[in-house]
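Here's the structure, in structure tokens; my notes come after.
The values are calculated or read from the model by the stated rules, or taken from the named source; none is laboratory data. Just so you know, these numbers come straight off a predicted model, no measurement behind them. Every residue, glycine as well, gets a Cβ built from its backbone with ideal geometry; the counts of neighbours run over all protein chains shown.
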Amino acid sequence: MSESRFKRREGPPYNPEVRNVVRRQRRTSLNPTREEQGDGFRGWNERGYIPHRDEPGLTQFVTFRLADSFPEELRAEWSKFLKIEDDRERRIQLEAWLDHGYGACHLRDENLAKMTAASLQKFDTARYGLIAFTIMPNHVHVLFEVHAVPMADILGSWKQYTATQANKHLGRSGPFWQADYWDTYMRDEEHQERTIRYIRNNPVKAELVTDWHQWTWTYVREDA
């Protein structure tokens, strides 16, 4: 019998818990209009990993990380975090894990950090409104306003371009970023201010610097 019959199917995992969350949110939230859906906005959706909310007019805090930042051999350990029901607590613990600096931490390379920062800033105002970001050794945090381009398309563009350039620079191939990303939409002004403080202080909390101004790869818009 052919071994290919038993080969694991490629693509996102089947995750009933995440799917149920999305169904509940769709029942209680305002969903994108037919026109917005035609533009690519999917509202609450999932790819088997975590829930996303992609709608115009939201201010989104997203985190995307390098493919090796959660090593496969430690999957049983970090997968426990994904079972935490409270969204904020789960994110706090997952990001604390990232700050330990697992993986090759390719973004310590000044050339790659500079290239990633330039990519985030390239279409500011034209496609989205960039508010703040910080580039850590193995992950990136970005706070931005969604305008006419879906969040998923923005993230896809950032990740595809930077992955191509990074692999070329490093002389490697294969996935550079993890397949999915985390996003949290800002519920009010206080939530946004707290998120900006988190972005600024992440390099300090990770003990990379003693003052956030010392970290070259942090940006905060002047009016934020």
**Item:** Selection within the stretch 204-224 - in contact with a strand residue (DSSP E or B) (Cβ under 8 Å, 6 or more places away or on another chain) and at pLDDT 95 or above
**Value:** Trp212, Trp215, Trp217, Thr218, Tyr219, Val220, Arg221
**Item:** Qualifying positions in the stretch 59-79 - crowded, with 16+ Cβ neighbours inside 10 Å and either modelled with pLDDT of 90 or more or among the charged types (D, E, K, R) (or both)
**Value:** Thr59, Gln60, Phe61, Val62, Thr63, Phe64, Arg65, Leu66, Ala67, Asp68
**Members of the stretch 186-207 that are in contact (Cβ under 8 Å) with a residue 24 or more places away in the chain and of a type in the set (A, V, I, L, M, F, W, C)** = Met186, Ile196, Ile199, Ala206
**Request:** All but one of (1) in contact with a Phe, Trp or Tyr (Cβ under 6 Å, 6 or more places away or on another chain); (2) in a helix (DSSP H, G or I); (3) modelled with pLDDT under 95 hold for Pro32, so report the exception by its number.
**Result:** (2)
**Message:** Can you find, within the stretch 126-178, the residue that is nearest to Cys105 (Cα to Cα) among those that are of a type in the set (A, V, I, L, M, F, W, C) and loosely packed, with under 14 Cβ neighbours inside 10 Å?
**Reply:** Ala126
**Residue, farthest from Ala117 (Cα to Cα), within the stretch 206-224, restricted to residues that are outside any strand (DSSP E or B) and of a type in the set (Val, Ile, Thr)** = Thr210
**Message:** Quick test for you: out of Ala166, Ala179, Ala152, pick the one residue that is more than 25 Å from Pro203 (Cα to Cα) and in contact (Cβ under 8 Å) with a residue 40 or more places away in the chain.
**Reply:** Ala152
**Asked** Is one or more of the residues making up the stretch 108-120 within 18 Å of the chain's Cα centre (by Cα) and assigned to a loop (DSSP other than H, G, I, E, B)?
**Response** no
**Request:** Select from the stretch 191-224 the residues that are over 18 Å from the mean Cα position of the chain (by Cα) and of a type in the set (Phe, Trp, Tyr) and write down the one among them that is nearest to Asp109 (Cα to Cα).
**Result:** Trp215
**Asked** Exactly one of (1) modelled with pLDDT of 95 or more; (2) closer than 25 Å to Trp215 by Cα is unmet by Gly156. Its number?
**Response** (2)
